[in-house]
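Inspection log for the structure reproduced underneath, given as C-alpha cells.
The values are calculated or read from the model by the stated rules, or taken from the named source; none is laboratory data. Worth saying up front: this structure is predicted, and the values here are computed from it rather than measured. Don't worry about glycine lacking a Cβ; one is built from the backbone with ideal geometry, like all the others, and counts go over all protein chains shown.
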Amino acid sequence: MKILESLHARSRQGKKSIAVLIDPDKIGDVDRLEPLLRLANENCVDYFFVGGSLVTTTNLSAVVKTIKDNLSIPVVLFPGSAVQIDPSADAILFLSLISGRNPDLLIGQHVVAAPILKNNKLEILPTGYILVNSGKTTSVAYISNTTPIPEDKYSLAACTAMAGEMLGLKLIYLDAGSGAEREVNEKMINTVRNAVDAPLIVGGGINTPQKAFNALEAGADLIVIGNALEKSPELLTEIAEKVYDFNQTVSAK
C-alpha cells in the first residue's frame with residue numbers, strides 16, 4: 001500500500017502514526033544516526049521525514065541512504081526548496097505553504113521541481129502546509145518570508161485548511177516550526193480536524209509525552225518529533241508508548 005493510501009486508511013480507522021524528522025544540517029556525520037535509527041526501529045516509528053528549511057550541507061542523500069540501508073521504515077522528503085530532492089527516498093511532501101502569500105512557496109518551487117519528480121519514482125504527497133505562531137520567529141517563517149497564523153485564530157486556520165483540501169491537497173500539515181517555543185494548541189488542532197477530511201499532520205514543539213497525547217486526542221493523525229530528540233532521545237520511547245496506547249484503545253472499540 002502506498003504511503004498516501006495508508007495515511008488515509010489509518011485516519012479513517014482513527015489510528016495514529018509517528019514520524020521522526022531529521023534535519024541533515026544537524027546530523028553532520030551520518031554515523032551519528034545509528035542510535036536514533038535503533039530507537040526508531042525498537043519503537044515502531046512509522047516514517048522518517050528528512051529535510052529542513054535551509055539545508056546547507058551535502059549529506060541529504062547520505063542520510064536517506066543510511067536509513068534505507070538499515071531499516072524498512074519509509075523515508076519521506078520534507079523539502080524546504082526544490083533542490084532538496086533525492087530519488088532514493090520513498091516519497092516527498094509536495095508542500096504548498098497555504099498559510100502564507102509567498103507565490104514561490106505556493107507554486108513557484110513546485111514548477112521547478114515538477115519535471116524532476118515526473119522522471120523518478122518518488123510518491124508525491126500533495127500537502128497543504130500551515131504555519132502557526134509559536135511565540136518566536138522560527139527558521140521556516142524567516143526563510144519562507146511569511147507570517148504564521150496567530151495561534152488563537154482558529155477559524156482562519158480551519159478555512160485555510162478547507163481551501164487547501166478543496167484545491168485538491170491530500171494532506172494538511174499544521175506546524176509550529178522547528179524549535180518552537182509552543183506547540184500547536186489543542187483547540188487549533190481540533191478546529192482544523194473538524195473542518196477537513198484529509199489526514200492531519202502536526203509538528204513543532206512536541207517535546208513531552210503529554211503534548212504528544214494532547215495532539216493525538218485533539219485530532220492529529222500523524223505527529224512529527226524532531227528537535228526534542230536531539231536533547232532527549234529517550235523521549236521517542238515515551239511518545240511511541242502514547243501512540244501505541246492510543247491505537248490499542250481504538251482497536252478495542
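Selection over region 74-101 of residues that are surrounded by fewer than 16 Cβ atoms within 10 Å (Cβ to Cβ) and closer than 19 Å to ASN145 by Cβ gives a count of 2. For region 72-111, enumerate the residues that are within 16 Å of THR58 (Cβ to Cβ) and among the basic types (Lys, Arg). Residues satisfying the conditions do not exist here.
Do we have any residue at all in region 139-146 that's within 21 Å of ALA212 (Cβ to Cβ) and either of a type in the set (Ser, Thr, Tyr) or in contact (Cβ under 8 Å) with a residue 12 or more places away in the chain (or both)?
The first filter runs over region 139-146 and keeps only residues within 21 Å of ALA212 (Cβ to Cβ), leaving 140.
Filter once more, keeping what is either of a type in the set (Ser, Thr, Tyr) or in contact (Cβ under 8 Å) with a residue 12 or more places away in the chain (or both): 140.
Scanning region 139-146, I find at least one residue that is within 21 Å of ALA212 (Cβ to Cβ) and either of a type in the set (Ser, Thr, Tyr) or in contact (Cβ under 8 Å) with a residue 12 or more places away in the chain (or both), so the answer is yes.
Condition first: modelled with pLDDT of 95 or more, among the acidic types (Asp, Glu) and within 17 Å of the chain's Cα centre (by Cα). Can you find one or more residues in region 92-115 that meet it? Checking region 92-115: not a single residue is modelled with pLDDT of 95 or more, among the acidic types (Asp, Glu) and within 17 Å of the chain's Cα centre (by Cα). Taking residues in region 197-209 that are modelled with pLDDT under 95 and of a type in the set (Asp, Glu), and partners anywhere that are buried (at least 24 other Cβ atoms within 10 Å of the Cβ) and assigned to a loop (DSSP other than H, G, I, E, B), not one pair has Cβ atoms closer than 6 Å while being at least 6 places apart or on different chains. Selection of first residues in region 100-111 that are in contact (Cβ under 8 Å) with a residue 12 or more places away in the chain and farther than 14 Å from VAL140 by Cβ and of second residues that are polar (S, T, N, Q) and in a loop (DSSP other than H, G, I, E, B), restricted to Cβ pairs under 9 Å at least 6 apart or on distinct chains, gives the following pairs, ordered by first then second residue: ARG101/THR146; ARG101/THR147. GLU42 meets all of the listed conditions (1) under 25 Å from GLU238 (Cα atoms); (2) among the charged types (D, E, K, R); (3) at pLDDT below 95; (4) more than 20 Å from the chain's Cα centre (by Cα) but one, namely (3).
Looking at ALA163, is it within 22 Å of GLY14 (Cβ to Cβ) and over 14 Å from the mean Cα position of the chain (by Cα)? Working first, answer last.
Details: within 22 Å of GLY14 (Cβ to Cβ): no; over 14 Å from the mean Cα position of the chain (by Cα): yes.
For ALA163, the condition - within 22 Å of GLY14 (Cβ to Cβ) and over 14 Å from the mean Cα position of the chain (by Cα) - is not met.
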